[in-house]
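Colleague: My questions all concern the structure below.
The values are calculated or read from the model by the stated rules, or taken from the named source; none is laboratory data. If you're wondering where the values come from, they're calculated on a predicted model, not measured in any experiment. Neighbour counts are summed over all protein chains in view; Cβ atoms, including those assigned to glycine, are modelled from backbone coordinates with ideal geometry. To get the accessible areas, we keep the full protein, side chains included, count just its heavy atoms, and leave off ligands, DNA and RNA. Shrake-Rupley method; radii C 1.70, N 1.55, O 1.52, S 1.80 Å.
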Amino acid sequence: MTTVTEDTELSGLRDALGLLKDREQVALRLLESSARHSFDPDKELDWDAPVEDGKWFWPPELVSLYDTPLWKRMSEEQRMDLARHEAASLASLGIWFEIILMQLLVRHIYDKSVTSAHVRYALTEIADECRHSMMFARMIQKGGAPTYPVTKLNHNLARVLKTVSTTPGSFACTLLGEEILDWMQRLTFPDERVQTIVRGVTRIHVVEEARHVRYAREELRRQMVTAPRWERELTRLSCGEAARVFSIAFVNPQVYTDVGLDRREAVAQVKASGHRREVMQTGAKRLTDFLDDIGVMRGVGRRLWKSSGLLA
Ligand SMILES: [Fe+2]
Ligand SMILES: [Fe+2]
């Protein structure tokens, strides 16, 4: 005869086994997808082709100043120049995120079975991110704009975060870094007004990123059920704070100075731009809906999301 406690323990064990099995199945599917759709950007893209005259480095509607009074005063040449610098700024941000993510993934698998599909997939994803970061760096160089590092403060905040963050916190931040940029890239690669090299880079990234998003979502969903209460609370808070920092760091304001604009005026106009707010909120919508669904968007965390301007 089993006692109530044993029953609870057994069902807990069954749940854990179910989750574990599910985790392996997801990883196996992602490994199959990786085997079918992985790219070597060094070979796949024509890096020697000249930069094309009259083509954008980033779709104009996705440039921060688009549709502002300042944008209307800018020449077409200056607008395209700003797009080129913003593409470099976003690629720099992308590399920063990917380097953080690689460390989070390495930490995530440190205590897990090395022969599991879950770990094998994590290693595959780290390899994807290695190729992406090199690809983004080449794209920045190709465009001729400088790299745009985040501020010293954010750089060091992330140093702490990537060293101490909990598993659910890590995956929530991963999604924040991946989903909004991914939404923009989905609009970029099919756009014929855009430079061929940028279209190629964003196409590769979108294809490979889809499985990263899947992996992070599945893991975060699991963690928000299984993690202890304090960890779930901390995730809500740290994710909200990360959203706030992310929205500020998204485009480095040095880009405005570098194309000959008044930095303070440009930042103020971006802040006041209804178009920009809509772009950022639409870009974040898929993510914020998901986070809401799994219980990350509550309390102070939700208020931080609101203050980031990414949540309507
Ligand atoms: Fe990536
Ligand atoms: Fe990724």
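Colleague: For the stretch 165-208, give me each residue that is touching a helix residue (DSSP H, G or I) at 6+ places or on another chain (Cβ under 6 Å) and open to solvent by 50 Å² or more (accessible area, probe 1.4 Å).
Modeller: The answer is 183, 186, 189.
Colleague: So which residues in the stretch 69-117 are buried (at least 19 other Cβ atoms within 10 Å of the Cβ), of a type in the set (S, T, N, Q) and either at pLDDT below 95 or away from ligand 1 (no atom under 16 Å from the Cβ) (or both), if there are any at all?
Modeller: 89
Colleague: Taking the criterion of being in a helix (DSSP H, G or I), in contact (Cβ under 8 Å) with a residue 60 or more places away in the chain, under 26 Å from residue 199 (Cβ atoms) and within 14 Å of ligand 2 (Cβ to nearest atom), would at least one residue in the stretch 105-123 satisfy it?
Modeller: No, the conditions are met nowhere in the stretch 105-123.
Colleague: What are the pairs with Cβ atoms under 6 angstrom where one residue, in the stretch 81-100, is within 18 Å of residue 179 (Cα to Cα) and the other, located anywhere, is hydroxyl-bearing (Ser, Thr, Tyr) and outside any helix (DSSP H, G or I)? Sequence gap at least six, or different chains.
Modeller: Final answer for the pair search is 89/148; 92/147; 92/148.
Colleague: Can we say residue 150 is among the hydrophobic types (A, V, I, L, M, F, W, C), out of contact with any helix residue (DSSP H, G or I) (no Cβ under 6 Å at 6 or more places or on another chain) and farther than 24 Å from residue 55 by Cβ?
Modeller: Here the answer is no, as residue 150 does not meet what is asked.
Colleague: Looking at the stretch 139-153, is at least one residue in contact (Cβ under 8 Å) with a residue 60 or more places away in the chain, touching a Lys or Arg at 6+ places or on another chain (Cβ under 7 Å) and within 20 Å of residue 98 (Cβ to Cβ)?
Modeller: yes
Colleague: Based on this model, can you work out whether residue 181 counts as touching a Lys or Arg at 6+ places or on another chain (Cβ under 7 Å), in a helix (DSSP H, G or I), within 14 Å of ligand 1 (Cβ to nearest atom) and not hydroxyl-bearing (Ser, Thr, Tyr)?
Modeller: no
Colleague: Could you tell me whether the stretch 15-26 includes any residue that is in contact with a Gly (Cβ under 6 Å, 6 or more places away or on another chain), more than 16 Å from ligand 1 (Cβ to nearest atom), open to solvent by less than 10 Å² (accessible area, probe 1.4 Å) and in contact (Cβ under 8 Å) with a residue 24 or more places away in the chain?
Modeller: The answer is no, given that none of the residues of the stretch 15-26 is in contact with a Gly (Cβ under 6 Å, 6 or more places away or on another chain), more than 16 Å from ligand 1 (Cβ to nearest atom), open to solvent by less than 10 Å² (accessible area, probe 1.4 Å) and in contact (Cβ under 8 Å) with a residue 24 or more places away in the chain.
Colleague: Find the residue count for the stretch 54-80, including only residues that are touching an Asp or Glu at 6+ places or on another chain (Cβ under 6 Å) and either in contact (Cβ under 8 Å) with a residue 24 or more places away in the chain or outside any loop (DSSP other than H, G, I, E, B) (or both).
Modeller: 2
Colleague: In the stretch 291-308, how many are open to solvent by 50 Å² or more (accessible area, probe 1.4 Å) and either in contact with a Leu (Cβ under 8 Å, 6 or more places away or on another chain) or among the hydrophobic types (A, V, I, L, M, F, W, C) (or both)?
Modeller: So the answer is 2.
Colleague: OK, next. Is there a residue in the stretch 256-267 that is among the small types (Gly, Ala, Ser) and either farther than 19 Å from residue 80 by Cα or at pLDDT below 95 (or both)?
Modeller: No, because not a single residue in the stretch 256-267 is among the small types (Gly, Ala, Ser) and either farther than 19 Å from residue 80 by Cα or at pLDDT below 95 (or both).
Colleague: Do the conditions hold for residue 140, that is, is it open to solvent by 20 Å² or more (accessible area, probe 1.4 Å) and within 16 Å of ligand 1 (Cβ to nearest atom)?
Modeller: No: the conditions fail for residue 140.
Colleague: Of 132, 155, which residue is surrounded by 21 or more Cβ atoms within 10 Å (Cβ to Cβ), within 22 Å of the chain's Cα centre (by Cα) and part of a helix (DSSP H, G or I)?
Modeller: Sole residue among the options that is surrounded by 21 or more Cβ atoms within 10 Å (Cβ to Cβ), within 22 Å of the chain's Cα centre (by Cα) and part of a helix (DSSP H, G or I): 132.
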